Amino acid sequence: MTGPRKLYVKSYGCQMNAYDSHRMADLLAPEGYMETAEPEDADLIILNTCHIREKAAEKVYSELGRVRQLKEAAAQGGRRVTVAVAGCVAQAEGSEIIRRAPIVDLVVGPQSYHRLPDLLARAEQNERRKDQIVETEFPPEDKFDHLPAPTKAATRARGVTGFVTVQEGCDKFCTFCVVPYTRGAEVSRPAEKILAEVRNLVAGGVREVTLIGQNVNAYHGAGPDGGAWKLGRLLLRVADIPGVLRLRYTTSHPGDMDDDLIAVHRDLPQLAPQLHLPVQSGSDRVLQAMNRRHTRANYLRTVDRLRAARPDLALTSDFIVGFPGETEAEFRDTLSIVDEVGYSDSFSFKYSQRPGTPGATMADQVAEEVKTERLHRLQAAIKRRQLAFNASCRGLTFDVLMEKPGRDAGQLTGRSPYLQPVQVMAPASLLGTLIPVTITGTISNSLFGALAGAPRIDAESTLAAAGA
Ligand code: SAM
Ligand code: SF4
């Protein structure tokens, strides 16, 4: 008798990809695939790829070099390994992947991965004919209707924080970005389907839910009442589900922060006081060339409105340095917005020319050394702010969600409301609870704390409340 086949999924890039990787594993479990963390053991290897920057795409090709060796070693032992490339590189490059890496059996885009069982069956039949499969259509059916819910065991294995995709794709067409081309037009999922997915996650032990989308606050899904629901309304309904102790959403566009959503930051205690609101640049000329549809001034006004609603809100951002034509003075506008907003942390990137986007063919591309030097200066400014924010947490008491065993014996690692990792001496029985912690120390991006009270709701009573 043969055992279950082993599946190894490697996820690159954003949380949407991490979510899709889980859904692929859920989809393949009934087909007899069990997940493994060891690529050497796998019968099926899926690389779920990211195309956002050139470096991200090139990483996939070097990984395929290593996968080729695994595949050849397995073949010598008489074992067949199927190799699939999924995600945004699959969508953007299609059959080019097979030209560069002939060991790939199957290329599948982010909107077609629900067809994996069928595609894999075809790939196996194809082996004798040696032609590979490329599936990068935007199919008419909704892939979510074809994806099974994760089992309780799979959810438990993934921990106490869970992600739910509420919208996909983007219609904004920032001139640097491939997302509208690889993920397609903006589509929102119906509210009821999202609520059912959250209930399922909570029943599997999830305590913190993050609603995700490339442009999550553009959400406008069909509500059960037939009308279109915006994100604020959806968050209020998700928070009503017993067992949802904490809520987040990401990634937002500054232009879509409407009054109702801002009011939810004031009114909803479960909504964590932390928001990722990418500004990209502090210069109005660069923002316009990026087609960001917001200015520095109206971004700062949005920040003020958010902080009026939730004074302790911690903000994070994405930044791009060296967009075509960016001058030193314009770059300094980016440096100054870091201090003006006082971000608690941020991601920063050198501009990367993406084929097919307007930015790629703009004149005045910035030299690599200039981009590198600006990135260092920006990262130093971000780090200073992060250290100051972390230091300001010393002596505060706030709720920490205990997520996993800590680095040292007897320790647990949790997350603060502001998304910082917190190390606490605490028994394993507190895993999955939200518990008050007083911050006693900080290093770089981590906090240390001591228990300061009883759990808000313990894991057992939460599960009971959720009817699990
Ligand atoms: N939707 C989000 C928004 O509007 O800000 C961002 C989504 S994108 C997946 C994540 C980040 O990657 C962007 O915020 C941007 O900073 C960065 N990014 C996108 N395209 C890039 C490029 N061509 N070069 C460098 N960074 C890029
Ligand atoms: Fe890309 Fe975000 Fe701009 Fe959409 S809004 S094009 S996802 S950066």
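The values are calculated or read from the model by the stated rules, or taken from the named source; none is laboratory data. Only a predicted model underlies this, so the values are computations on that prediction, with no experimental measurement involved. Here Cβ is always computed from backbone atoms with ideal geometry, including for glycine, and neighbour counts include all displayed protein chains. Only protein heavy atoms, including side chains, enter the accessible area calculation; ligands, DNA and RNA are left aside. Shrake-Rupley method; radii C 1.70, N 1.55, O 1.52, S 1.80 Å.
Here is how the numbers come out for the structure above:
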{"read-out": "Cβ pairs under 6 Å, 6+ apart, first in region 86-108 and under 17 Å from D20 (Cα atoms), second hydroxyl-bearing (S, T, Y) and in a loop (DSSP other than H, G, I, E, B)", "value": "Q91/T136"}
{"read-out": "Candidate set from region 184-201 (those that are within 16 Å of ligand 2 (Cβ to nearest atom) and of a type in the set (A, V, I, L, M)); member that is surrounded by the fewest Cβ atoms within 10 Å (Cβ to Cβ)", "value": "A185"}
{"read-out": "Yes/no for P140 being more than 16 Å from ligand 2 (Cβ to nearest atom) and either in contact (Cβ under 8 Å) with a residue 24 or more places away in the chain or in contact with a helix residue (DSSP H, G or I) (Cβ under 9 Å, 6 or more places away or on another chain) (or both)", "value": "no"}
{"read-out": "Filtered residues of region 154-163 (kept if farther than 10 Å from V206 by Cα and open to solvent by 70 Å² or more (accessible area, probe 1.4 Å))", "value": "A157"}
{"read-out": "Residue that is nearest to ligand 2 (Cβ to nearest atom), among those in region 278-316 that are of a type in the set (A, V, I, L, M, F, W, C) and touching a Phe, Trp or Tyr at 6+ places or on another chain (Cβ under 8 Å)", "value": "M290"}
{"read-out": "Single residue of T36, T49 found to be farther than 17 Å from E135 by Cβ and of a type in the set (S, T, Y)", "value": "T36"}
{"read-out": "Filter result (open to solvent by less than 60 Å² (accessible area, probe 1.4 Å) and either part of a strand (DSSP E or B) or over 23 Å from L201 (Cβ atoms) (or both)) within region 11-35", "value": "S11, Y12, G32, Y33"}
{"read-out": "Residues of region 144-176 satisfying the condition of being within 14 Å of ligand 1 (Cβ to nearest atom), touching a helix residue (DSSP H, G or I) at 6+ places or on another chain (Cβ under 8 Å) and of a type outside the set (V, I, T)", "value": "Q167, E168, G169, C170, D171, K172, F173, F176"}
{"read-out": "All positions within region 237-267 that are farther than 20 Å from R456 by Cα and either among the aromatic types (F, W, Y) or not in a helix (DSSP H, G or I) (or both)", "value": "Y249, T250, T251, S252, H253, M257, D258"}
{"read-out": "Qualifying residue in region 268-283 (condition: open to solvent by 10 Å² or more (accessible area, probe 1.4 Å), more than 16 Å from ligand 1 (Cβ to nearest atom) and assigned to a helix (DSSP H, G or I))", "value": "no"}
{"read-out": "Residue within region 124-143 that is among the polar types (S, T, N, Q), away from ligand 1 (no atom under 16 Å from the Cβ) and modelled with pLDDT of 85 or more present", "value": "no"}
{"read-out": "Some residue of region 426-436 being under 18 Å from L245 (Cβ atoms) and out of contact with any strand residue (DSSP E or B) (no Cβ under 8 Å at 6 or more places or on another chain)", "value": "yes"}
{"read-out": "Whichever residue in region 164-183 is out of contact with any Asp or Glu (no Cβ under 6 Å at 6 or more places or on another chain) and open to solvent by 70 Å² or more (accessible area, probe 1.4 Å) and, among such residues, is farthest from ligand 2 (Cβ to nearest atom)", "value": "Y181"}
{"read-out": "Leading residue by the ranking (farthest from E326 (Cα to Cα)) among those in region 342-366 that are touching a residue at least 12 places away in the same chain (Cβ under 8 Å), of a type in the set (A, V, I, L, M, F, W, C) and open to solvent by less than 60 Å² (accessible area, probe 1.4 Å)", "value": "F349"}
{"read-out": "Among residues of region 369-382, those that are surrounded by fewer than 19 Cβ atoms within 10 Å (Cβ to Cβ) and either free of Cβ contacts under 8 Å to residues at least 12 places away in the same chain or in contact with a helix residue (DSSP H, G or I) (Cβ under 9 Å, 6 or more places away or on another chain) (or both), counted", "value": "6"}
{"read-out": "Qualifying residue in region 217-235 (condition: within 16 Å of ligand 2 (Cβ to nearest atom), modelled with pLDDT of 95 or more and touching an Asp or Glu at 6+ places or on another chain (Cβ under 6 Å))", "value": "yes"}
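For (1) in contact with a helix residue (DSSP H, G or I) (Cβ under 9 Å, 6 or more places away or on another chain); (2) hydrophobic (A, V, I, L, M, F, W, C), each residue gets a yes or a no:
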{"position": "V179", "(1), (2)": "yes, yes"}
{"position": "T182", "(1), (2)": "yes, no"}
{"position": "V187", "(1), (2)": "no, yes"}
{"position": "L195", "(1), (2)": "yes, yes"}
{"position": "N200", "(1), (2)": "yes, no"}
{"position": "V209", "(1), (2)": "yes, yes"}
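Yes/no per residue for (1) under 29 Å from L401 (Cα atoms); (2) charged (D, E, K, R):
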| residue | (1), (2) |
| --- | --- |
| A297 | no, no |
| D312 | yes, yes |
| F347 | yes, no |
| P355 | no, no |
